[in-house]
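Participant: Quick one: the structure is below, questions incoming.
The values are calculated or read from the model by the stated rules, or taken from the named source; none is laboratory data. This is a predicted model, so every value here is computed, not measured. Cβ atoms come from the backbone with ideal geometry, glycine included; neighbour counts cover every protein chain shown. Quick note on the areas: whole protein, heavy atoms, side chains included, nothing else; ligands and nucleic acids left out. Shrake-Rupley method; radii C 1.70, N 1.55, O 1.52, S 1.80 Å.
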Amino acid sequence: MVIAKAWALKKHFDGFPKTSDFDLKKIELPDLKDGGEQKLLLASVFLSVDPYMRPYSRRVMKEGDIMIGTQVARVVESKNPAFAVGAFVVCDRGWRTHFISDGKDLQLLPSSWPESLPKSLALGTIGMPGLTAYFGLLEICKMKPGETVLVNAAAGAVGSVVGQLAKIGGCRVVGCAGSDDKVAYLKTLGFDEAFNYKTVKSLDEALRKASPDGYDCFFDNVGGEFASVAINQMKKYGRIAVCGAISQYNDSVPQKGPYVQIPMIFKELRMEGFIVSRWSNRREEGLNALLKWVMEGKVKYHEQVTEGFENMPMAFIGMLKGENIGKAVVKV
Ligand code: NDP
């Protein structure tokens, strides 16, 4: 019999999450059966910590539930011929070391996944965050060669891919991030301009200096104050992809304006929110494109790997604080 460890939400987050909001539980797993739903035993190998967990915990979880989330897991025992022992899958089974499945909720890693590539990338550059960058840029920003793209949280999982895909698409790219190390990283990725939004005297001036003619596309991961400043520097007919609002996720009291209508009218902007699952029917297309670019060296990646399942809350809180360069993952 296997005893899984799992992190539960002890108390709904109030403001910034704390380690005391989580509870480590032990769950006894049943043995596999030939019929029914208990066909596979899996062990998580890498788990993802993502910003969405903060706002979604309120929307979809109650206190005591196991934290939501995605993992790369290995098949340990199998009574389902579609999944051999040793196979790696991606699934949304939350913060658990082990779990039972019938196989319906598992996605095998692409068969073309090279041995040389870390499997954890299936949670980042060649996974949900990479797809977010891909579809957000192509379908919402509708970037065109020669245009200027602005992205914030640019050194993170989504932002770092946004910048690189925009370069592949022939655009000029400006990125903002919260430390000098992150800014240096953005330069190694080929960003044309990058600055530390925490140390510039004026965000407005820094954005103007980075692109005096303004921005055609704005891939917004941050929202709030940053977005309010940036919207005024959009070019006429500019497109804003509202991907995330991490600057607002931990607010107990909602932030107030400035409001977007005036710049939207006079610059005739298009602003659209999106959730990456809108394109789940094109997942394979996106993953294949990202995998190819990574293998060709056109898209580089960096991961912030925290060792140890017991450190999941710490890794999650660290990511929300901005401690990660690239994708934050936990190695069990
Ligand atoms: P990141 O890897 O970018 O990590 C989060 C980063 O956000 C931190 O490293 C930090 O970077 C930045 N950050 C944290 N707090 C603030 C703040 N108050 N103001 C500005 N920046 C802050 O995470 P992801 O790439 O996974 O996600 C980026 C955004 O995309 C999030 O808003 C997320 O919710 C959203 N998202 C949306 C999806 C969708 O389908 N719409 C799918 C996936 C992600 P720094 O040091 O630069 O401040």
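Participant: I need the Kirkwood Rh of region 128-277: take the reciprocal of the average 1/r across all distinct C-alpha pairs and report it in angstrom.
Facilitator: Mean inverse Cα-Cα distance, inverted, gives 15.1 Å.
Participant: Carbon and sulfur atoms: what percent of the 1.4 Å accessible area of region 128-277 do they account for?
Facilitator: 56 percent
Participant: Note down the nm distance, to one decimal, between modelled labels 7 Å out along Cα→Cβ at Ser112 and at Lys33.
Facilitator: 4.1 nm
Participant: Can you tell me which aspartates and glutamates have their Cα less than 14 Å from the Cα of Lys5? Leave out same-chain residues fewer than eight positions away.
Facilitator: Asp23, Glu28, Asp65, Glu310
Participant: Let me ask something additional. Lys and Arg at +1, Asp and Glu at -1: add these up for the other residues within a Cβ distance under 9 Å of Lys5 and post the number.
Facilitator: +2
Participant: How high is the FRET efficiency from Tyr237 to Met1, r the C-beta distance, R0 45 Å, rounded to 0.05?
Facilitator: Computed FRET efficiency for Tyr237 and Met1: 0.15.
Participant: Can you tell me the accessible area per residue over the chain, all protein chains present, probe 1.4 angstrom, in square angstrom?
Facilitator: Ligands and nucleic acids excluded, the figure is 47 Å² per residue.
Participant: Below 8 Å between Cα atoms, with a sequence gap of 6+, how large is the relative contact order for the chain in percent?
Facilitator: Dividing the mean separation by the residue count of the chain yields 17 percent.
Participant: Quick check: net charge around Asp180, other residues with Cβ under 12 Å of its Cβ, Lys/Arg +1 and Asp/Glu -1?
Facilitator: Neighbour charge sum, excluding Asp180 itself: +2.
Participant: Residues in region 291-332, backbone N under 18 Å from the label point at Asn250 (7 Å along the Cα-to-beta-carbon vector): list them, ranges by number please.
Facilitator: The answer is 312-326, 328-329.
Participant: Next up: Under a straight-distance cross-link criterion of Cα-Cα below 19 Å, which lysines are reachable from Lys18, leaving out those fewer than 8 residues away in the same chain?
Facilitator: Result set, ordered by chain and number: Lys10, Lys62, Lys321.
Participant: Taking Cβ-Cβ under 4.7 Å as the only way to count a partner, pick out the unpartnered cysteines of the chain.
Facilitator: Cys91, Cys171, Cys176, Cys243
Participant: Still on this structure: Just need the relative contact order of region 147-271 here, percent rounded to a whole number, with Cα pairs under 8 Å and 6+ apart.
Facilitator: Once divided by the residue count of region 147-271, the mean separation gives 22 percent.
Participant: With bins 20 Å wide starting at 0, give me the P(r) of the chain over every alpha carbon pair, in whole percents.
Facilitator: 31, 55, 13, 0
Participant: Please compute the length gained on full extension between Glu310 and Asp23, using 0.36 nm multiplied by the number of residues separating them and subtracting their Cα-Cα distance.
Facilitator: Length gained between Glu310 and Asp23: 102.3 nm.
Participant: Please report the net charge: other residues with Cβ closer than 12 Å to the Cβ of Lys79, K and R +1, D and E -1.
Facilitator: Here the count lands on -3.
Participant: Identify all lysines with a Cα-Cα distance to Lys292 below 29 Å; exclude those on the same chain that are fewer than 8 residues away in sequence.
Facilitator: Lys104, Lys119, Lys142, Lys144, Lys167, Lys182, Lys187, Lys300, Lys327, Lys331
Participant: With Kirkwood's inverse mean 1/r over C-alpha pairs for Rh, give me the Rg to Rh ratio of region 24-148, two decimals please.
Facilitator: We get a ratio of 1.05 for region 24-148.
Participant: If you take every DSSP beta bridge fully contained in the chain, what fraction is antiparallel? Give it as a percent rounded to 5.
Facilitator: Just about 55 percent of them are antiparallel.
Participant: What value in Å³ per residue do you get for the convex hull of the alpha-carbon atoms in region 195-270?
Facilitator: 95 Å³
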